[in-house]
Every structure is written in C-alpha cells, then in structure tokens.
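Right, one structure below, let's go through it.
The values are calculated or read from the model by the stated rules, or taken from the named source; none is laboratory data. Model, not experiment: these values are computed from the prediction. All Cβ positions, glycine included, derive from the backbone under ideal geometry; neighbour counts span all protein chains shown. Areas reflect the complete protein model, heavy atoms only, side chains present, ligands, DNA and RNA absent. Shrake-Rupley method; radii C 1.70, N 1.55, O 1.52, S 1.80 Å.
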Amino acid sequence: RAIGLWVLRTACAQASKWLAEGLEFERIAVNVAGPQVQDPEFAEKVAEVLRQTGLPARHLELEVTEGFVMHRAASSIRQLQKLRAKGIEIAIDDFGTGYSSLSYLKQLPIDTLKIDQSFVRDIPHDPNDMAISAAVVAIADALGLKTVAEGLETTAQANFFREHGCQMAQGYFFSKPLPPDEMVDCFKVVAES
C-alpha cells in the first residue's frame, strides 16, 4: 500500500507540475491495486495527495481492475462512490478478462471501461475479438460510459475502434512509454493538431 500511495503522489505531483507549466491535458490515469481500494481510508488518502500536490480532482483518473472490483463488489462500490464524489474519474482496467458481470457493471460508480489489449491485439484478423470489442463499446455507450482501447498498435486497429465509436485509445501506435520530460513534446504536438 505504501508503494501504491507513493506512485499516486508522484503521478499527481508530475501532473500538477505540467498544469503549472501551462500544459493542457484531460487526466492523468493511475493504476490502483485492489487492496488499496479496500482500505476504508483510501478516499481520504487520495484527497490528501491531491491537497499536497495541488492537482485538481478533475485531472485524476484511478484505474482499478475488473476482477478485484467484481470479487469484492459491495465494499468496492462504497469506496469508488466516495472517490467519484470528490470529482475523481474511475476506470475499470482490463475489462472483459476477469469476472465480467453486467449486473454489477450497471451498479458501479465508474466513468470508463478500458478494453483489454488481449481483445485488441488480433484486430482486424480475429472476428471474435472484433465482435467482443464492438459489443463492449456499444454497452459502454448505452450506459453513458467512455471506452479506451488498450494496446493499440496499428492503423487498422485505430480505424476499427474509431468506426465503432471508441473515444480513446492507448498504445505503441501513439508512442512508447516516455519519461516525464519527453512528454512535454507530446503536449506540444497535441496542441498544434
């Protein structure tokens, strides 16, 4: 848990620095380990990190894995509700790989479903992956949720998800992982486009 809090604090401090430098972005996404979400004081700890770093809550997205949330749904829902009430966005990471339950999905206080890269990797060659990905995008849209395609690597994949209404994507198609100082150039490219 201490490492998870350090990661969160480091990411929020970096995001706050970018904002202070005038760099515009929607949110910084931080993966959160399942046991962190189970900490009854987690929402307060996140709020304290935001206060310490000066990052507005609207610029933070926390990603939790589907399997953990579905396995401990009742207590997870309470924690996620507290976080959302603070203005933090919540994403379900690796959606479709664990314990998918549509009955829980409609109850979860979430904003985004992240389509696991295992469904993205073989598009456009695997019709089953295409069908599953399109269905997840359609379900998310019907529930008023955003979608992110994880592990995007090709133009064909980008076109597929664009055509199906997926709002966001991440992966090597855009860039390899970069250190913070090299991210500044990415902000400039986005601002110019």
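G22 falls short on exactly one of the conditions (1) out of contact with any Phe, Trp or Tyr (no Cβ under 8 Å at 6 or more places or on another chain); (2) open to solvent by 60 Å² or more (accessible area, probe 1.4 Å), and that condition is (2). Inside the stretch 156-193, residues that are polar (S, T, N, Q), modelled with pLDDT of 90 or more and farther than 13 Å from V120 by Cβ make up a count of 1. From the list T53, T10, pick out the single residue that is touching a Cys at 6+ places or on another chain (Cβ under 7 Å) and open to solvent by 20 Å² or more (accessible area, probe 1.4 Å). Answer to the check: T53.
A count restricted to the stretch 105-124 and to residues that are surrounded by fewer than 17 Cβ atoms within 10 Å (Cβ to Cβ), within 22 Å of A85 (Cβ to Cβ) and in contact with a helix residue (DSSP H, G or I) (Cβ under 7 Å, 6 or more places away or on another chain) stands at 2. Determine whether E66 is open to solvent by less than 70 Å² (accessible area, probe 1.4 Å) and of a type in the set (D, E, K, R). Against the criterion (open to solvent by less than 70 Å² (accessible area, probe 1.4 Å) and of a type in the set (D, E, K, R)), E66 qualifies.
Residue-wise test of (1) free of Cβ contacts under 8 Å to residues at least 24 places away in the same chain; (2) open to solvent by 30 Å² or more (accessible area, probe 1.4 Å); (3) over 16 Å from L113 (Cα atoms).
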position: D126; (1), (2), (3): yes, yes, yes
position: G144; (1), (2), (3): yes, yes, no
position: T147; (1), (2), (3): no, no, no
position: Y172; (1), (2), (3): yes, yes, yes
